[in-house]
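Nothing in this text is a laboratory measurement; each read-out follows from the coordinates by a stated rule. Given the structure is predicted, the values throughout are model-derived calculations rather than measurements. Note that each Cβ is placed from the backbone with ideal geometry, even for glycine, and that neighbours are counted across all protein chains shown.
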Amino acid sequence: MGLIEVGIAGVKALAVLLMVLNLSAILLWVERKGSALIQDRIGANRANILGIMPFNLGFINTLIADPLKLLTKEDVVPKGADKFLHFLAPFMAVFPVLVTFAAVPFGDQLVIGDTVINLQVADLDIGILYVLAMSSLAVYGVVLGGWASNSRWSLLGGIRGSAQMISYEIAMGLALIGVIMTFGTLDLQAIARAQGHHFFGVIPAWGIIYQPLGFLIFLIAGIAESKRVPFDLPEGESELISGYFTEYSGMKQAAFMLSDFAESVVVAGLATTLFFGAWQVPFLFRDGFHFPGGAIVALPHLLIVVMQILSFTIKVFVLCLFQILVRWTLPRYRYDQVMDLGWKYLLPLALANMLVTGVAIVLLG
Amino acid sequence: MGTILFLVLAVLTIAAALGVILHPNPVKSALFLIVTLFLLAVVFVLLEAHMIAALQIIVYAGAIMVLFLFVIMLLNLQIDDPDRGRRQVVLRGLAWLGGIILAVELALLVRGGPAGNPAAAPAGYGGALAVAQSLYTDFLLPFELTSILLLVAVVGAVVLAQKQRRPTIS
């Protein structure tokens, strides 16, 4: 592997990492302002750096002020806590979520001269399995955070979190099997390419048209996996203070928060890739727009690539917004309801979805 | 490059495996086991067996070990068993016996196994397609039997976990 290839790979990895981190930070602001909008409040409006900013720059202020505040806070390790594991847990929570995006394609191919750059960090033929593997490791941050803090609330939160994440992982995996059967591959880039044509020349052949139920199950399980309202029982402020991260402060607590936001970005990214045509723009092909009716608008290659990346980003962002909307609309479930939903409704539904998909594939060839 | 990577991984894996049996704290032991399983998955990736690597992490590191940790954390092991001393001697003996048998089996396997060159395997032999093809053709019967076994285990677990319906004393 030449130096250029290594450089390109590095740039791609950095770009994806920054995309997830930036989206998470923006989501943090959107969440604060969005919740305010929904609840008829004003929301975050006090950030004014050192009091010397002549005007409020809105979200930029908050984006800088929030991390600064968290960075400068005291880091408290409770008495009797397992110091090493207490330190390790936030990293275990963030790391798997951030590396998940490596397998998600954010564009087709960028051709510069003779070099073809795949707009995907890791071109894996088992992409979906990689994603599932990494997301299954995310549970350790919760478990370790809950156990190492030497606090009952933390432990209860950790136990709730791990039980919930394992339960919904099963429904999520089974919902994905329907998608895998439809497209016949585990490769996320191949799935993205397979969504490029149109039904009757007008309806984009996105995954959601083949797998509407699969999408619903995936989204619910995904929200449950990211431990957000209505599934935020592991946090459960009303009875567990803050659940598994009760005993965390400053940047470590921020790491847990970041992992939750990054997880919703990952869920949105996966849902986009599998169900909403990934980076596909309707009617946009490799040489330009082919509108129904035969009109063709040729476009330069670079513009098409930019539009694909933009399309992917916008879809991810819209799905993130939808998750925030859900979060501030629904009340929290009771814990037994969470378990019932996962095991008694989503799991059988996902199995039925698999069966119907299989029958449809056999009948329709 | 590949050999150096493998050697580093091998040393780390063995160190983590030693951690499993030598660490006095059961929770830490379980964590070492997770590290061992994760590193083994990386070894599989080095061997181009991507499918097995992913499954190793999903099934062992990501699901089974979580339950292990769960149980260990919940049980909060007590050490005030009067029979503990005598039992431990027996257990140690059994563990040594099992370990020696395993070591002998491994040695025999390595000596009697195919003098294989792993690099000679066909391209893509570790991918999803190749694994699925051999599972659903050559190994269909063992595969289905295993799934029946697992199904029975699931049913058994459900039966065991059911709340006991005792007659209520009024």
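Observations
- Inter-chain Cβ neighbour average for residues B:26-34, partner chain, 10 Å: 2
- Segment A:312-365 shape via C-alpha gyration tensor axes, a/c threshold 1.5: oblate
- Nearest-ten-degree value, helix A:301-327 long axis tilted from longest Cα axis of chain A: 40 degrees
- Cα-Cα over 23 Å, subset of A:12/A:69; A:69/A:315; A:69/A:252; A:227/A:252; A:12/A:252: A:12/A:69; A:69/A:315; A:12/A:252
- A simple charge model with +1 on the Cβ of Lys and Arg, -1 on the Cβ of Asp and Glu and nothing else charged puts the dipole of segment A:182-294 at about 520 debye relative to its Cα centre.
- For chain A, fraction of C-alpha pairs farther apart than 27 Å, in %: 52 percent
- Options A:302, A:255, A:111, ranked by Cα towards positive dipole end of the protein assembly as shown, top entry (Cβ charges): A:255
- The string of couplings for segment A:84-89 from the Karplus curve (6.51, -1.76, 1.60, θ = phi - 60°) is 5, 5, 4, 6, 6, 3 Hz, one whole number per residue in order, with x for Gly and Pro.
- Ordering of B:155-163, B:45-53, B:95-103 by burial proxy (mean other Cβ atoms within 10 Å per residue, highest first): B:45-53, B:95-103, B:155-163
- Cα long-axis angle, helix A:3-38 against chain A (0 to 90 degrees, to the nearest 10): 60 degrees
- Restriction of the trypsin sites (Lys or Arg not before Pro) in segment A:61-125 to DSSP coil positions whose beta-carbon has at most 12 other beta-carbons within 10 angstrom yields A:79.
- Compactness of segment A:267-319 as Cα Rg over 2.2 N^0.38 Å, two decimals: 1.20
- Close amide H partners of residue A:285, meaning residues 5 or more places away or on another chain with modelled amide H under 5 Å apart, are A:290.
- Gaussian network model of chain A, Cα within-10 Å springs - most flexible of A:224, A:295, A:81: A:295
- Kirkwood radius for segment B:3-58, taken over all pairs of different Cα atoms as the inverse mean of 1/r, rounds to 11.5 Å.
- By other beta-carbon atoms within 10 Å, ranking A:152, A:32 with the fewest at the front produces A:152, A:32.
- Residues of chain A were split at every exposed loop site, defined as chymotrypsin sites (Phe, Trp or Tyr not before Pro) in a DSSP loop with at most 12 other C-beta atoms within 10 angstrom, and the longest piece left, sites excluded, is A:201-365.
- Only one residue of A:234, A:267, A:313 has its Cα farthest out toward the positive end of the dipole of segment A:225-349, where Lys and Arg carry +1 and Asp and Glu -1 on Cβ, and that residue is A:313.
- Principal-axis analysis of the Cα atoms of chain A puts helix A:152-183 at an angle of about 0° to the longest axis.
- The dipole here belongs to segment A:212-362: it is taken about the Cα centre, uses +1 on the Cβ of Lys and Arg and -1 on the Cβ of Asp and Glu, and is about 380 debye.
- Shielding by partners for peptide B:44-57, expressed as the average number of C-beta atoms from other protein chains within 10 Å of each residue's C-beta, is 3.
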